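**Q** Pasting in a structure now, in structure tokens, and then I'll have a few things to ask.
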Amino acid sequence: MAQTQTAAGTRGVPLDVASNDYPFFGALTSGRHQAYGLDLRWHYVDPPNKLFRQVLKSPRYDVTELSLSSYTMMREQGWRAYKAFPIFPSRRFRHSALFVRKGSRLVSGEQLKGKRVGVPDFHMTAAVWIRGILQEDFGVKPEDIRWFTGRVERVKLPPAIADRVEYVGEEARLFDWLLEKKLDAVIYAHLTKPPVPDVRCLFPDAVQREKDYFRKHGVIPIMHLMAIREKHLERGLGIARKVERVLRKEKESFFKRLELVSSAGVLPWFSEYVDETAGVLGPDPWPHGIEANRKGLEKFLDYSMAQGLISRRPDLRELFIDV
């Protein structure tokens, strides 16, 4: 790829990068960032579902954020527009992503057996994790639940799954249906608080449940990954390694700033919170690399295969660049 002349007079390989806004992307999110011979031009796309649909339709960015579930399903189907880095900008525990009506008698996962549950996309990564958690820790299989979706799936579902998923017709209707008692629970991936009145989290003790999940399984559920167009890998891993270096450096800078804010006493009790969280998760819950993320990735693939979204368990090096 041709190089461009940057404002500082240096030359860099131009790369368009698209993602949501993450604090550990640091200088990248200023819109233009030159480092290690790269000229990175960042594009903020929100919500993530919009970006994922854009990229699956057409590879318009050189480096992009992607859904882990969409990516693994598409790779199995032969999609080769992008290949993923073992870099995961979005990780979230998911017990707090299940919502029920206030006044509902539902307070735990095993009570969802035989119930009606709405979810934006059946195949979305958060839903894969939640179904896996329900089966592994609460004994509720995916087929024990009636599933309703609010969006057309980004990736076509296998027929055996599609035949037992009912389409509501609009994502916003999921909470309407919940309040109208047409649904018993709703999965919503991007919320930590109820989005409408008269709704609460299924688990009254969701935070403690999530800490217990980490202590038991040793993983923070991975949601999204970063990927690079495969055309940039045709001459080797040089560009990919530089992109990884930029993202790693910015992440390290973020944790240094976090340490500074914590030690400076800018916010009361913030340092106690940071210390408590690090005591549970370790000093860097967002490591790069295949081996550092193997346990979480293999658990996700086990869940996805058990749910019929993929037919075989790929080797991680089939999915990820080893940088």
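The values are calculated or read from the model by the stated rules, or taken from the named source; none is laboratory data. Worth saying up front: this structure is predicted, and the values here are computed from it rather than measured. Here the Cβ is made from the backbone with ideal geometry for all residues, glycine too, and neighbour counts use every protein chain on show. Protein only, heavy atoms only, side chains kept; ligands, DNA and RNA dropped before computing areas. Shrake-Rupley method; radii C 1.70, N 1.55, O 1.52, S 1.80 Å.
**Q** Could you please let me know if I187 is under 20 Å from the mean Cα position of the chain (by Cα), within 23 Å of N49 (Cα to Cα) and not acidic (D, E)?
**A** Working: under 20 Å from the mean Cα position of the chain (by Cα): yes; within 23 Å of N49 (Cα to Cα): yes; not acidic (D, E): yes.
Spelling it out, I187 is indeed under 20 Å from the mean Cα position of the chain (by Cα), within 23 Å of N49 (Cα to Cα) and not acidic (D, E).
**Q** Still on this model: Return the pair list, or none, for Cβ contacts closer than 9 Å from residues in region 174-197 that are on the phi > 0 side of the Ramachandran plot to residues that are of a type outside the set (S, T, Y) and modelled with pLDDT of 90 or more, at least 6 apart or on different chains.
**A** Listed pairs, sorted by first residue: K181/R101.
**Q** Here's something else I'd like to know. Does region 125-137 include one or more residues that are open to solvent by 40 Å² or more (accessible area, probe 1.4 Å), in a loop (DSSP other than H, G, I, E, B) and at pLDDT 95 or above?
**A** First, the residues of region 125-137 that are open to solvent by 40 Å² or more (accessible area, probe 1.4 Å): 135-137.
Those left that are additionally in a loop (DSSP other than H, G, I, E, B): none.
Looking through region 125-137, none of the residues is open to solvent by 40 Å² or more (accessible area, probe 1.4 Å), in a loop (DSSP other than H, G, I, E, B) and at pLDDT 95 or above.
**Q** Looking at region 148-170, can you tell me whether even one residue there is part of a helix (DSSP H, G or I), among the β-branched types (V, I, T) and open to solvent by less than 40 Å² (accessible area, probe 1.4 Å)?
**A** yes
**Q** Does region 305-317 hold any residues that are open to solvent by 80 Å² or more (accessible area, probe 1.4 Å), closer than 29 Å to I239 by Cβ and in contact (Cβ under 8 Å) with a residue 24 or more places away in the chain, and which are they?
**A** R317
**Q** Any idea which of (1) modelled with pLDDT of 95 or more; (2) open to solvent by 10 Å² or more (accessible area, probe 1.4 Å) is the one E65 doesn't satisfy?
**A** Among (1) modelled with pLDDT of 95 or more; (2) open to solvent by 10 Å² or more (accessible area, probe 1.4 Å), the lone unmet condition for E65 is (2).
**Q** Evaluate region 42-50: report whether one residue or more is more than 21 Å from the chain's Cα centre (by Cα) and not in a helix (DSSP H, G or I).
**A** no
**Q** Could you list all residues from region 129-154 that are closer than 21 Å to E171 by Cα and touching a Leu at 6+ places or on another chain (Cβ under 7 Å)?
**A** I130, I145, F148, G150, R154
**Q** Could you identify the single residue in G308, G289 that is within 21 Å of the chain's Cα centre (by Cα), of a type outside the set (S, T, Y) and closer than 30 Å to P159 by Cβ? Walk me through how you get there before you give the answer.
**A** On the way: G289 fails: closer than 30 Å to P159 by Cβ.
Step by step, each of G308, G289 is checked, and only G308 is within 21 Å of the chain's Cα centre (by Cα), of a type outside the set (S, T, Y) and closer than 30 Å to P159 by Cβ.
**Q** Could you tell me whether any residue of region 11-27 is part of a loop (DSSP other than H, G, I, E, B), more than 18 Å from V128 (Cα to Cα) and open to solvent by 40 Å² or more (accessible area, probe 1.4 Å)?
**A** yes
**Q** Return the pairs, sorted by first residue and then second, in which the second residue is assigned to a strand (DSSP E or B) and among the aliphatic types (A, V, I, L, M), the first residue lies in region 216-240 and is over 20 Å from S70 (Cβ atoms) and open to solvent by less than 20 Å² (accessible area, probe 1.4 Å), the beta carbons are less than 6 Å apart, and the residues are 6+ apart or on different chains.
**A** As it stands, the answer is A240/I228, since those pairs meet every condition given.
**Q** So which residues in region 68-108 are assigned to a strand (DSSP E or B) and either open to solvent by 10 Å² or more (accessible area, probe 1.4 Å) or at pLDDT below 95 (or both), if there are any at all?
**A** Within region 68-108, K83, S90, R91, R101 qualify.
**Q** Oh, and also: I need the helices (runs of 4 or more DSSP H) fully contained in region 197-295, keeping only those with at least 3 residues that are touching a Phe, Trp or Tyr at 6+ places or on another chain (Cβ under 6 Å) and at pLDDT 95 or above.
**A** Answer list for region 197-295: 238-264.
**Q** Residues in region 178-195 that are open to solvent by less than 50 Å² (accessible area, probe 1.4 Å) and either of a type in the set (A, V, I, L, M, F, W, C) or within 10 Å of L98 (Cα to Cα) (or both): how many?
**A** Number satisfying all stated conditions: 7.
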